[in-house]
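Inspection log for the structure reproduced underneath, given as C-alpha cells.
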Amino acid sequence: MRSDLSASGVFAMLGLGCAVGAELLDAPSAGNFVRRDAARATVLGDYVYVDGGELSQLVDGKISSYRSSNQVNSTLSIDISKSWTTSDLVIRTIPRPSPAKANVALWTDTAAGVFYSWGGKYPFGLNMVKDALWKFTPDGGGGGAWSKEEPTNPTLFTALHPSEQGVSAYTNDTGILIGGLATGWTELYRGHTQTLPGMVTFNMKTKVWQNGTTGFSPFPTLVGASAHYVPSFGPHGLVLVFGGHTPPVVGLPDLPTAPFVDLRNLTLFDPETKERYWQMATGSIPPTPRSFFCVTGCQNPAGGYEIFLFGGQNQRDRFNYDDAYILSLPGFVWTKLPDTPAGRRRGATCVPVGKRQVLTIGGIDGDWRSADPAPQGLQLFDMTAMRWTDAYDANAAAYEQADVIKRWYSSG
Ligand SMILES: *[C@@H]1O[C@H](CO)[C@@H](O)[C@H](O)[C@H]1NC(C)=O
Ligand SMILES: *[C@@H]1O[C@H](CO)[C@@H](O)[C@H](O)[C@H]1NC(C)=O
Ligand SMILES: *[C@@H]1O[C@H](CO)[C@@H](O)[C@H](O)[C@H]1NC(C)=O
Ligand SMILES: *[C@@H]1O[C@H](CO)[C@@H](O)[C@H](O)[C@H]1NC(C)=O
C-alpha cells in the first residue's frame, strides 16, 4: 500500500500518466504557442474565422520529437467586437468535419454572410479524400457549421485538380483561383507535382465553376503570389495581382529559378470581362522576388483605397522579409512602413479588423521550433498611425489615410 502511494506520487511529479494538458490543441494558450503557418482567414460580422494551416506548440514544456508541427483540425474564431491584446486573447475552436488542410483558398460571400474553403494541401498527406467545396455558415455568435456545397456543373468540378499556392481572391459574387501547384498532398492518388495553368472561378450565386487559360486567366501560370479585389474602381471592380513566380507548365516547378513578377509593373484584371491591364507604380517599390506574403486592403473616406502588403519569401536569395508596405489607389504609390518588430516570416495571412487595423496571423522563418516573438503568432498594424501593436482596438477612430499618404496626394 505504502509503496503504491509513493510510486503514484513519483509519477505525478514527473507528469507521467496525466492526460490533462498532454494533448495537442488547435488553439494552444499563448504560453504554449510556438508557430502557425499557412492558415487563411476572413472576417464576417464581429468575428475573424481562420481555416487550415499547420501549428507547432509546447506540450508539457516541449515540442514533440515525432513531428514538430501538426495539422489544424478546427476552424478558429476570434471575437473583434471587444478589444484585446495578442497575449490575452482566447481563441475559440469550431469543429471541421472534413480533413485538416493548409493553404486553402477561402472565398467570402459577404452579402450572404458565408465563406467557402477549397483546395489546399493535406499536411503530411494525412486522411486524404476526393475534394469537395465546403461552406461555412456562421451562427452569429462566433460559432457556425460546415456543409458540403454541391456544384451546378459537377462534371467540370470533378475534373478540376485541387492545388495549393495558387492565388485566390473573391469579388462580391465570385471566388477566384489563379495557377497553383497540384501535388501528391493536394490531390488524392496524384503521383507527381505539376504547375497548373489558367484560372478557376466559382460563382457563389449560381454555384457554377469555370476553368480557362488564354483570354480567361490573367497569367498562364502563377505560384506564391497574392491578390486583392478592389470593388470601387472600374465598372466591375478590379482584382490586383501581386508578386509570385510564373514557372513553366512543363517539368517540375523550381521557384528559385522561375521567372518572378515584380511589384513596379502591376497586373490588374476585370473579374467580369477578364480583361487584363497593367499599371506602373511609383514610390518605395517592395523588393522582389517575393512570394508567400499577404495582402489586404481598406477603402478610405476620400474614395481611394489602400492595400497592405506584408512579409514573404525571396526564393532566389533564400531569405524571408520582415517589411511591409501600403499601395495607395488611385495614385498607385507604394509607401514603406516600419518593419515588423516580430521578425521575418513567410506564410502569414492578413485581414482588416475593426475600423483601421490589420490583423496578421502566423508566418514562419524556416523553423517550427523557434517561438514566434508575436504572442499566438498575431500582430496588428494601425493603417492610420502606421505602427505595429499587440493591442486590437475595437473602438478605434474611423480609418483615414496616414499623413504621409495624404501629403503625397495634396502635393499632386
Ligand atoms: C487532428 O485529428 C487527427 C485525426 O484525424 C488526430 O490524430 C490529431 O490528434 C488531431 N489534432 C488535434 C490538435 O486535435
Ligand atoms: C484548367 O484547365 C487547364 C486547361 O485544360 C488544365 O490544364 C488545368 O489543369 C485546369 N485547372 C484545374 C485547377 O484543374
Ligand atoms: C457584384 O458587383 C457587380 C459590379 O460591381 C454587379 O454588376 C453585380 O450585380 C454584383 N453582384 C451581386 C450578386 O451583388
Ligand atoms: C508591364 O507588363 C506588361 C505585361 O504584363 C507589359 O505588356 C508592359 O509592357 C509592361 N510595362 C512596362 C512599362 O514595362
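Things to note:
- Any chance residue 202 is open to solvent by less than 30 Å² (accessible area, probe 1.4 Å) and not in a loop (DSSP other than H, G, I, E, B): yes
- Within region 210-222, residues that are farther than 12 Å from residue 195 by Cα sit with their Cβ atoms under 8 Å from residues that are within 12 Å of ligand 2 (Cβ to nearest atom) and among the hydroxyl-bearing types (Ser, Thr, Tyr), at 6+ positions apart or across chains, in these pairs: 210/201; 211/201.
- Just one of the listed residues (81, 74, 69) is surrounded by 19 or more Cβ atoms within 10 Å (Cβ to Cβ) and in contact (Cβ under 8 Å) with a residue 40 or more places away in the chain, and it is 69.
- Only one of the listed residues (109, 131) is surrounded by 14 or more Cβ atoms within 10 Å (Cβ to Cβ), out of contact with any Pro (no Cβ under 9 Å at 6 or more places or on another chain) and either farther than 10 Å from residue 51 by Cβ or at pLDDT 95 or above (or both). That residue is 109.
- Any hit, region 282-294, residues being outside any loop (DSSP other than H, G, I, E, B) and aliphatic (A, V, I, L, M): no
Every residue, every condition in (1) within 16 Å of ligand 2 (Cβ to nearest atom); (2) open to solvent by 30 Å² or more (accessible area, probe 1.4 Å); (3) part of a strand (DSSP E or B); (4) farther than 27 Å from residue 202 by Cα, yes or no:
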| position | (1), (2), (3), (4) |
| --- | --- |
| 233 | no, yes, no, no |
| 253 | yes, yes, no, no |
| 263 | no, no, no, yes |
| 271 | no, no, no, no |
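- Which numbered condition residue 275 misses (of (1) within 16 Å of ligand 4 (Cβ to nearest atom); (2) over 24 Å from residue 356 (Cβ atoms); (3) in contact with a strand residue (DSSP E or B) (Cβ under 6 Å, 6 or more places away or on another chain)): (3)
- Entirely in region 118-178, the strands (runs of 3 or more DSSP E) that have 3 or more residues that are within 16 Å of ligand 3 (Cβ to nearest atom): 174-178
The values are calculated or read from the model by the stated rules, or taken from the named source; none is laboratory data. The structure presented is a predicted model; accordingly, all values stated were derived computationally and were not measured. Heads up, the Cβs are rebuilt from the backbone with ideal geometry, glycines too, and the neighbour counts pull from every protein chain shown. Just so you know, the surface numbers come from the protein's heavy atoms only, side chains and all, with ligands and any DNA or RNA stripped out. Shrake-Rupley method; radii C 1.70, N 1.55, O 1.52, S 1.80 Å.
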